[in-house]
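In what follows, a single structure is set out as structure tokens and then discussed.
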Amino acid sequence: MPIDLNEGLEQEPIIDNPIEEVNELETETEVSAQGLSVEEQSDPNKITVTVADQQTPIIVLFGPPSCGKTMTLIRMTRYLSKQGYQVVPIRTFRPASDSHYKAMCDGFDEMINSNDAATSTNRISFMLVEVIRNGRPLCQILEAPGEYYFDPANPNRQFPVYVNKIIACNNRKIWTIFVEPDWSDPAPRQNYVTKINRLKSKMRTSDKTIFIYNKIDLTPLVISPGHVYMNEALKSVNNLYPNIFTPFKNQNPITKIFKKYNCDFVPFQTGEFNESTDGTTYVEGPDEYPKMLWNKWLKLIQG
């Protein structure tokens, strides 16, 4: 059930709670870091995707470049695997001729479990995976290039065809919108709010939204792992991104008394990144954060 983001404002509520090498390209211009062809990279409207399963809900990781979408997919895959779930790439998402995507699918498990975070995030940048329990798919998770959702350098850019195709598909969507504390320039932040407002106008009534406050460990709001000053976290996001929650105001004359906004909010941390002589080493963060996010997702998946 959607939460009231302003509930309990008088208090401080606390939440308890080796890589296989991808085939070398013949030339550097044949394919981008996202696995896109030259034609697709120059014209995003040429990007082809297929959502074969039109029943299972899709969790869309939505946010600008470098906001943590890929690392969130990596962290959640590691967590869910430890909990007995299978997280498997959906090979039909991209055309059979896309050898880069095939290589990502073939090496998915090794990439996910690599300590080389930089390499993993470069390679897992455009993918649809499914989460399976006891042979039954529970959800699909989409990770796609952030610049096609929101590009700070081109904030008025329209969604490309493939994003509109995802929006229009029959699957119920759980929009997981990323915000973070260290985006210092106010102009792109306000443009991001405008883009989210446009996205909201395209959502079906069956779609759900979760705001994920990533990099919560960079704020003074953490008491201990999984224990966060939620009230202050909400205020922080609203101050950084004015009116970001406004499109999600509950318009029901009865329930709005108890639930002001029809969306959820989760603080998150993917882990720690340490620079060494041979690259960046990734160490996953506390399980409390992926546990909270999965519980929110699961609740929305089930109803």
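Just so it is clear, none of the values below were taken in a lab; they were calculated from the coordinates. Computed from a prediction, not measured in an experiment: that's the story for all the values here. For neighbour counting, all protein chains shown are included, and Cβ atoms are generated from backbone atoms with ideal geometry for every residue, glycine included.
Placing +1 on the Cβ of each Lys and Arg and -1 on the Cβ of each Asp and Glu in the chain, which of C169, P220, Y149 has its Cα farthest towards the positive end of the resulting dipole?
C169
Going by the alpha-carbon gyration tensor, a ≥ b ≥ c the square roots of its eigenvalues, is the stretch 190-261 rounded (a/c under 1.5) or, if a/c is not under 1.5, prolate (a/b greater than b/c) versus oblate?
prolate
Assuming R0 = 30 Å, what is the FRET efficiency of A96 and A187, from their Cβ-Cβ distance, to the nearest 0.05?
0.10
Placing +1 at every Lys and Arg Cβ and -1 at every Asp and Glu Cβ, with all other atoms neutral, what dipole size does the chain have around its Cα centre, in debye to the nearest 20?
Using only the charged Cβ atoms, the result is roughly 1900 debye.
To the nearest 500 deg cm²/dmol, what mean residue ellipticity at 222 nm is calculated for the chain from DSSP H runs of n ≥ 4 alone, each contributing -39,500 (n - 2.57), summed and divided by the residues?
Calculated at 222 nm, the ellipticity per residue is -8500 deg cm²/dmol.
Give the lysines whose C-alpha is closer than 24 Å to that of K202, dropping any in the same chain fewer than 8 places away, or say none.
K46, K69, K165, K173, K249, K256, K259, K260, K296, K299
Once you keep just the Cα pairs under 8 angstrom separated by 6 or more residues, what percentage relative contact order results for the stretch 51-193?
Value for the stretch 51-193: 40 percent.
Go ahead and run the numbers for FRET between Q86 and N295, Cβ-Cβ distance against an R0 of 22 Å, rounding to 0.05.
So the FRET efficiency works out to roughly 0.75.
Let me know the charge dipole size of the stretch 42-153 about its Cα centre in debye, to the nearest 20, where only the beta-carbon of Lys, Arg (+1) and Asp, Glu (-1) is charged.
Roughly 340 debye, rounded to the nearest 20.
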